[in-house]
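*Asks:* Before I ask anything, here is the structure I am working with.
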Amino acid sequence: MSDPIIRDCENYVVLEPSKNEQFLTADETLIWLEKWLNKLEFMPKDLQNKSSKKEAAKRLLDTACNLEINPGFTVEWYAVRTSRPDY
């Protein structure tokens, strides 16, 4: 089970093979995950009971940090904290 503090994070770094890392907000990360879920031929068993791709993406964001799209092609996401300098 993921650490509950992760749910408080507002930013994620997402990694795709052969691409540069991207920093996204939580909402952008959900959209990014939905996009990848739409590319799957079969949903993972633990996501099959979700009513929508959006619900499946939320589940992934709360419980996982990677998704195998094809054998040898995995996308990853990690919660990150960003700080702003004090002015």
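*Asks:* Quick one: would you say residue 74 is within 18 Å of residue 12 (Cβ to Cβ), in a loop (DSSP other than H, G, I, E, B), in contact (Cβ under 8 Å) with a residue 40 or more places away in the chain and not basic (Lys, Arg)?
*Replies:* On the way: within 18 Å of residue 12 (Cβ to Cβ): yes; in a loop (DSSP other than H, G, I, E, B): no; in contact (Cβ under 8 Å) with a residue 40 or more places away in the chain: yes; not basic (Lys, Arg): yes.
No, not satisfied.
*Asks:* Can you tell me which residue is farthest from residue 73 (Cα to Cα) among those in segment 7-34 that are open to solvent by 70 Å² or more (accessible area, probe 1.4 Å) and part of a loop (DSSP other than H, G, I, E, B)?
*Replies:* 10
*Asks:* Sticking with this one: What number goes with the only condition from (1) at pLDDT 95 or above; (2) in a helix (DSSP H, G or I) that residue 46 does not pass?
*Replies:* Evaluating residue 46 over (1) at pLDDT 95 or above; (2) in a helix (DSSP H, G or I) leaves (1) as the failure.
*Asks:* May I pose another question? Restricting the first residue to segment 35-60 and requiring it to be loosely packed, with under 12 Cβ neighbours inside 10 Å, which pairs with a second residue that is of a type outside the set (Val, Ile, Thr) meet a Cβ separation below 7 Å and a spacing of at least six or different chains?
*Replies:* Pairs found: 38/53.
*Asks:* State which residue is farthest from residue 9 (Cα to Cα) when the search covers only segment 49-71 and only residues that are hydrophobic (A, V, I, L, M, F, W, C) and part of a helix (DSSP H, G or I).
*Replies:* Residues of segment 49-71 that are hydrophobic (A, V, I, L, M, F, W, C), as a first pass: 56-57, 60-61, 64-65, 67, 69.
Cutting the leftovers down to part of a helix (DSSP H, G or I) gives us 56-57, 60-61.
Numbers: 56: 19, 57: 16, 60: 15, 61: 11 Å.
Once the filter is applied, the top-ranked residue is 56.
The values are calculated or read from the model by the stated rules, or taken from the named source; none is laboratory data. Remember, it's a predicted structure, so these values are computed and weren't measured experimentally. Here Cβ is always computed from backbone atoms with ideal geometry, including for glycine, and neighbour counts include all displayed protein chains. Surface areas here come from the heavy atoms of the whole protein model, side chains and all, with no ligands, DNA or RNA. Shrake-Rupley method; radii C 1.70, N 1.55, O 1.52, S 1.80 Å.
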